[in-house]
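Have a look at the structure below before the remarks.
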Amino acid sequence: MQFSDFGLDNKIMSTVEHLGFKEPTEIQQQAIPAAMTGHDLIASSKTGSGKTLAFIIPAMQRLLKNRALSKRDPRVVILTPTRELAKQVFTQLRMFTSGSQFKAVLILGGENFNDQVKTLEKDPQFIVATPGRLADHLSQGHFYLNGLELLILDEADRMLDLGFAEQLAQINKAADHRKRQTLMFSATLDHAQVNDFALALLKKPKRIAIGSAHTEHKDITKRFYLCDNLTQKEKLLQHFIAKEDHQQMIIFTATRADTDRLSTLLTEQGLSTVALSGELNQGQRNQIMDGFSKGQQKILITTDLASRGLDLINVSHVINFDMPKHTEEFVHRIGRTGRAGSKGDAISFVGPKDWISFKNVEGFLQQKLTFDTIDGFKAKFKGIKPKKAKVAVKAQDNAKSATQVKKPKAKKIVKKSFLAEDVGDLPVLKRKQAIAPQDIEDSEFEEQN
Ligand code: ADP
Ligand code: MG
């Protein structure tokens, strides 16, 4: 199949040619024509498979072919969970809109509010945004969505995980007319929370799934290493940095504090390192991502702030220094490498505090994961037997409801079975609490101010 088979406007075709893409990827082959017929879509395909153009192209086509419903309101709104991803989507969109009659703007948390008000006054046809800030402008009447034709949610599941359901509902309500079309994209869209949300937002959606989130990503080689503790993790990391032939590397840690600590450690060792965390101001965040994408540093250390969507073509290695709290983020983190057909390596460290997360990932991927070893690195830790883990879960539950008198006893059991500690983060078992919007780590994503 060729891009020319879609019957696209010449302007779109010339941008695609300029980008040098020979043929549409599988998700593009299916999603572009389906979106062009006006269907709402829930579309999923593996990381790095070209989902961005699968929504930008039909959006652009719609604007070029259809009359606007309103002269002033935006016609297309694209939402993403993080500012970095919004910027990246915006850059791709601009390749299509530049030289056209359409204006595209970027509205992000962390940037000057009043400047954004002025930008919105110019009546852009496309808005790419993070949901919190866009909802703020909507509440304050800086723009209206009565004429919105297309609402696109990239990494929709992550926006829900981060607690943006309310803002999404507000945006949805402001544009809830018969003619609106909605598209949802992610590599992981099959959990129940997404389904409920999709039913509320989408009208008779068509589901397109290329493979499943559980399917092996053939271009990414996964390796797992057992570790006893933080010191051993640090030694292993230094080993891989020295021995693995890598272009660029992203190291994921559990928390901002871990990111900072590791960054200091590696910088002291003279390694070319940069750390991205949510506590930096937006200018600093932009500078870091620009520098890293230009190859100014070899190593980026970060949290799940950077797990989604980022397309950094020279990243040959992803290292999970800590396993992720949210199981799906494993798929997204390792998906920062092995993009658009290139090969990548994903190395994960599994210590006692990562064990439950590791087992969850194993369950999610529906495959038995095995551990690799390296000469000179031997961990005493061999995993936690299911029975022990169960006892520990029970002990933790008891600990929660225990009275003052009972508490010390429960605590002791939990500690013994490794479950209440994590490398500088909330215990893995507290996942339910961890996904609440007020969660410390997820406040990385707050879009206000
Ligand atoms: P996803 O959203 O599925 O993770 P992206 O949209 O970020 O993937 O695309 C991944 C990479 O593939 C990008 O560098 C993009 O430019 C490239 N790409 C997109 N479409 C094609 C295509 N048809 N042929 C080759 N490369 C493509
Ligand atoms: Mg994407």
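The values are calculated or read from the model by the stated rules, or taken from the named source; none is laboratory data. The model shown is predicted, which means the values in this text are computed figures rather than measured ones. Here the Cβ positions follow ideal geometry from the backbone for every residue, glycine too, while neighbour counts run over all protein chains shown.
If the requirement is being β-branched (Val, Ile, Thr) and within 30 Å of Asn112 (Cα to Cα), which of these qualifies: Thr264, Thr273?
Result: Thr273 is the single residue among Thr264, Thr273 that is β-branched (Val, Ile, Thr) and within 30 Å of Asn112 (Cα to Cα).
Counting the residues of segment 48-63 that are near ligand 2 (Cβ under 9 Å from one of its atoms) and surrounded by fewer than 24 Cβ atoms within 10 Å (Cβ to Cβ) gives 4. If the condition is being among the hydrophobic types (A, V, I, L, M, F, W, C) and closer than 27 Å to Thr231 by Cβ, then segment 254-291 contributes Ala254, Ala257, Leu262, Leu265, Leu266, Leu271, Val274, Ala275, Leu276.
For segment 304-314, indicate whether the set of residues that are within 17 Å of the chain's Cα centre (by Cα), more than 14 Å from ligand 1 (Cβ to nearest atom), under 21 Å from Asp154 (Cβ atoms) and touching a residue at least 12 places away in the same chain (Cβ under 8 Å) is non-empty. Yes, because at least one residue in segment 304-314 is within 17 Å of the chain's Cα centre (by Cα), more than 14 Å from ligand 1 (Cβ to nearest atom), under 21 Å from Asp154 (Cβ atoms) and touching a residue at least 12 places away in the same chain (Cβ under 8 Å).
For segment 265-278, state whether one or more residues are over 30 Å from Gln366 (Cα atoms) and acidic (Asp, Glu). So far as segment 265-278 goes, yes, one or more of its residues are over 30 Å from Gln366 (Cα atoms) and acidic (Asp, Glu). Residue pairs whose Cβ atoms lie under 7 Å apart, separated by 6 or more positions or on different chains, with the first residue in segment 19-33 and among the polar types (S, T, N, Q) and the second part of a helix (DSSP H, G or I) and within 10 Å of ligand 1 (Cβ to nearest atom), are Gln28/Leu53; Gln28/Ala54.
Of the listed requirements (1) away from ligand 2 (no atom under 16 Å from the Cβ); (2) crowded, with 23+ Cβ neighbours inside 10 Å, Arg333 misses just one: (1). Scanning segment 17-29 for residues that are more than 21 Å from the chain's Cα centre (by Cα) and either surrounded by 20 or more Cβ atoms within 10 Å (Cβ to Cβ) or in the same structural domain as Val331 (by TED's automatic domain parsing) (or both) yields a total of 2. Taking each residue of segment 161-182 that is over 21 Å from Arg67 (Cβ atoms) and looking for partners that are modelled with pLDDT under 95 and not in a loop (DSSP other than H, G, I, E, B) with beta-carbon atoms closer than 6 Å, six or more apart or interchain, yields Leu162/Asp442; Leu162/Phe445; Asn172/Leu201. All conditions but one from (1) of a type in the set (Ser, Thr, Tyr); (2) more than 16 Å from ligand 1 (Cβ to nearest atom); (3) over 21 Å from Gly211 (Cβ atoms) apply to Thr327; the one that does not is (3).
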